Amino acid sequence: RHSRPVAILAQGSKLPSFHGHWIPIQTEDIIASLPYVHFDIKVSHMTTSWTTAAQNMLGLKQGTSPKQVPTLIMGVCSIAVLWATVPLEIPELTIALLGAIVYAMVHLLAAPKRQGKVMKELVKAPVDVPNRPSRKDGDGNFSHRVSRLHKEKDARQDYKQYSVAPITGATFQSVGWELEVQELLSQIMPTAEGDKIVKGLVRSVKQAIWPMIPEAEVTGFTSGNPARGRAYGVAVPEIDIVVSADPAHLLKRLDGRFSQSGRSVLRVDPRKLQKAVIRACTDQLVSSGGFKFRRSAFRSDDPKVTLLAPASLGLSEDAVSVDFSVNSATPLHSAALLTECGHLEPRAKELILMVRRWARDRGVSHAAKGHLPPYTWSLLAIYFLQTGTEDGVALLPPLSGFERSAALARKAGSPIGAGQVWSPSQGPEGQKSTAALFKEFVRFYAGKFDFRNEAVSVRLGRRAAPEISLPLHVVQQDCGSAVDVAPSIEDP
């Protein structure tokens, strides 16, 4: 709204032409007369000339087609056209133009320079892509489309990676199979040091979750010496921490964490409630308890998470892995069977621990990968001692002969005669060492036990066909034609 000199170059206009002389004129008068002005300026020529100038300024090759010029350069040219044609303030247009030029230069400098060359090399490379439709070129030869993703995939498949910490075999001070087994057993048997670590873990878990669930009871179980963990020690922990609480209390305490529809689902689905509580407790243990999350296993029959108690908690010199679960009975059953087997036959407890340790160190006890879990390996060892010794003498009774574990059984097992108390054999079997029993254990399941027609049942304690209620597991080989029957193992 102020007068300033404006240059007008117009022909056939209703405005008077002054042949480029500078005159004072109101800005709104020009805007009001713009529809009647016929400009002689050729915008296309201006754009082309400014594009060429931009190419020279940015170091682009001469003769580059307009399609190859970046879009940002065209934007700069458009702004220049507006600067020359639209009657706006000169300082504002100058700042906008300079900003656009700086942005374009930064964008071009940040872009990869060899992208075009890399794509040309990939196109020229003779790579065969399987399972792709082919077509004939002009010479009648078949040509295949080149896939850069396929090329990179093949390169990754050819690269072999080695483990950072490869598994090494155990070393012993003793010499000979019998002595080495005894030395191993002395290392993996539960100790007072391991019990102290478990009590410290239980105390730490209580302090972390009691503000959230005051009614929770925390219990710890150990099936070995956690201070002597070796291969797969984190994947298959020796310690189980179980939180037990009434589902009604759990739903009440965690009511604010879920929506109305979520609470309705949790009330009718105890398994989803169990998983939700595990997630909530895990968040609390990681955020305020000092634990570290490692992995979760929610698809198994007993959902759980694996946590790591770092050395900073002051429980052990090294980090200790823990399996954490809520309202899970499997750790209790495993600990009860292990303890009672040790009372009935000391070699039974040693054999169970050795089988579990062997399966873990051999990498066949990781349930998340489809292996048999440690509790199932315990059932295999107990069933072998009930039925599979080579002399035919049972070292353990059926489940009904277990004074404490029999009360946990779902069904009644093979009964022992009224007034009879089972006692271990005093024959030649009573003189065999744990090392010899481990060899017989391997031979029994490798060649004698019929996995297709028999079932492992600690409850019955005798060799028999699987019951109808026991699900049958069928395994299909990788080739797709062969079909095998997986072991049928009953959880008593």
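Computed from the coordinates by the stated procedures, all read-outs in this text should not be read as laboratory data. Treat the numbers as computed from the prediction; the structure is a model and nothing was measured. Reconstructed Cβ throughout: ideal geometry from the backbone, glycine too, with neighbour counts over all protein chains shown.
Quick notes on this structure:
- Reciprocal of mean inverse Cα separation for segment 186-257 (Kirkwood radius, Å): 13.7
- Given 275/349; 369/448; 196/304; 252/272; 196/275, the pairs whose alpha carbons are separated by over 21 Å: 275/349; 369/448; 196/304; 196/275
- Two-site FRET efficiency, residue 246 against residue 450, from Cβ-Cβ distance with R₀ of 41 Å, rounded to 0.05: 0.40
- Equivalent ellipsoid semi-axes, segment 320-365, via Cα gyration tensor eigenvalues times 5, rooted, Å: 20, 18, 7
- In this structure, residue 311 and residue 212 have a Cβ-Cβ separation that, at R0 = 25 Å, corresponds to a calculated FRET efficiency of about 0.45.
- Maximal additional length on extending the residue 178-residue 486 stretch stands at 107.7 nm, based on 0.36 nm per residue less the C-alpha distance.
- For segment 247-325, the list of trypsin sites (Lys or Arg not before Pro) that fall in a loop by DSSP and count at most 12 other C-beta atoms within 10 angstrom reads 299.
- With Cα atoms as the point set, segment 246-385 shows a radius of gyration and Dmax of 17.8, 54 Å.
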